[in-house]
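The values are calculated or read from the model by the stated rules, or taken from the named source; none is laboratory data. Just so we're clear, the structure is a prediction, and the values are computed from it rather than from any experiment. Every residue, glycine as well, gets a Cβ built from its backbone with ideal geometry; the counts of neighbours run over all protein chains shown. With ligands, DNA and RNA removed, areas are computed over all heavy atoms of the protein, side chains included. Shrake-Rupley method; radii C 1.70, N 1.55, O 1.52, S 1.80 Å.
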Amino acid sequence: MPISIAAAQALLLTRAEMAYANASFEKRSFGQTMRPDSWWAQPLVVFLGLSAFVVYSTWAAFQGQHYYYGPYISPFYSPEFFGSSPHSLFGPKPGWWPGWLPFSPALLILWAPGLFRLTCYYYRGAYYKAFWADPPACAVGEPRKTYLGERSFPLIIQNVHRYTLYIALMFLCFLAYDVWKALWFVDPATSRASFGLGLGTLVLAVNVVFLSGYAFGCHSLRHLVGGFHDQISKNPFRQRTYACASCLNRRHMMWAWMSLFSVMFSDVYVRLCSMGIWTDLRIF
């Protein structure tokens, strides 16, 4: 027996309401999932990688020595505002430094690039999963029942990322200048500087390239160069810069990890050369 369209719609609505009323979802326990893959592998690698970097960089920052060699300076210590190396901008250790705190030029500056990475949109997603299990991975049960987001303390501090970007760009200028200085080698016999190229020069230059790829692909930089316009196509310069930043942003995770380990390896290279364990190869 045929029914009217109105009756059919009412029947479908009733069935939908019954299905909705009978549906129940049980919250997954920590680590519970239906995923058949090794979902834990990526958070584990991120945990180990970030932990290794934090441990090494903290150790290196408190050393206060073996951070320069010839024309090279470790990126952990640049810009060197106060210190004992020829790269120091304002002389040796300042008199106002607390006597109970070991002095290291790195302690004056590392907070800035550290805060830039800590508040980075990519790194936030990475260490939320790896360290806090929030969540451990997609479609995997997490250990907490509530979600506060980044609207309350302390995570609301993550919103300073756009401002740490400006500081990071200034640091890039100092590191690029360090590469220029790493092209000039002083002859011990004559005390004259001559243009040259060493393996350390290439190490520091590659580090600047990786750091630039990471910083110039930052989400906040895309907003800075492409924002404030409803139609970005009406401003060709902004459109080109936005496209360039977007191109780097597509590989933001790659740039983040490559720059993380390049800055650490740069410190290792300079440190081991300063200690006499490695010998810097002069190309010309």
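Are any residues in region 242-269 more than 21 Å from H223 (Cβ to Cβ), open to solvent by less than 30 Å² (accessible area, probe 1.4 Å) and either of a type outside the set (G, A, S) or touching an Asp or Glu at 6+ places or on another chain (Cβ under 6 Å) (or both), and if so, which ones? Across region 242-269, the qualifying residues are L260, V263, D267, Y269. Scan region 70-117 for residues that are open to solvent by 40 Å² or more (accessible area, probe 1.4 Å), touching a residue at least 40 places away in the same chain (Cβ under 8 Å) and under 23 Å from P188 (Cα atoms) and the total you get is 1.
Note on region 168-202: residues that are at pLDDT below 95 and within 29 Å of C218 (Cα to Cα) total 0. Hey, among the residues in region 189-219 that are buried (at least 21 other Cβ atoms within 10 Å of the Cβ) and of a type in the set (S, T, Y), which one's nearest to F171 (Cα to Cα)? Among them, the one singled out is Y214.
Summed over region 18-49, the residues that are open to solvent by 60 Å² or more (accessible area, probe 1.4 Å) and modelled with pLDDT of 55 or more give a count of 18. Selection of first residues in region 45-57 that are in contact (Cβ under 8 Å) with a residue 40 or more places away in the chain and of second residues that are outside any helix (DSSP H, G or I) and surrounded by 16 or more Cβ atoms within 10 Å (Cβ to Cβ), restricted to Cβ pairs under 9 Å at least 6 apart or on distinct chains, gives the following pairs, ordered by first then second residue: S57/L110. What are the residues in region 152-171 that are of a type in the set (A, V, I, L, M, F, W, C) and touching an Asp or Glu at 6+ places or on another chain (Cβ under 7 Å), if any? I156 - this is the single residue of region 152-171 that is of a type in the set (A, V, I, L, M, F, W, C) and touching an Asp or Glu at 6+ places or on another chain (Cβ under 7 Å). Scanning region 96-134 for residues that are over 18 Å from I157 (Cβ atoms) and touching an Asp or Glu at 6+ places or on another chain (Cβ under 6 Å) returns P105, A133. On the stretch given as region 213-240, residues that are of a type outside the set (D, E, K, R) and within 21 Å of the chain's Cα centre (by Cα) total 12.
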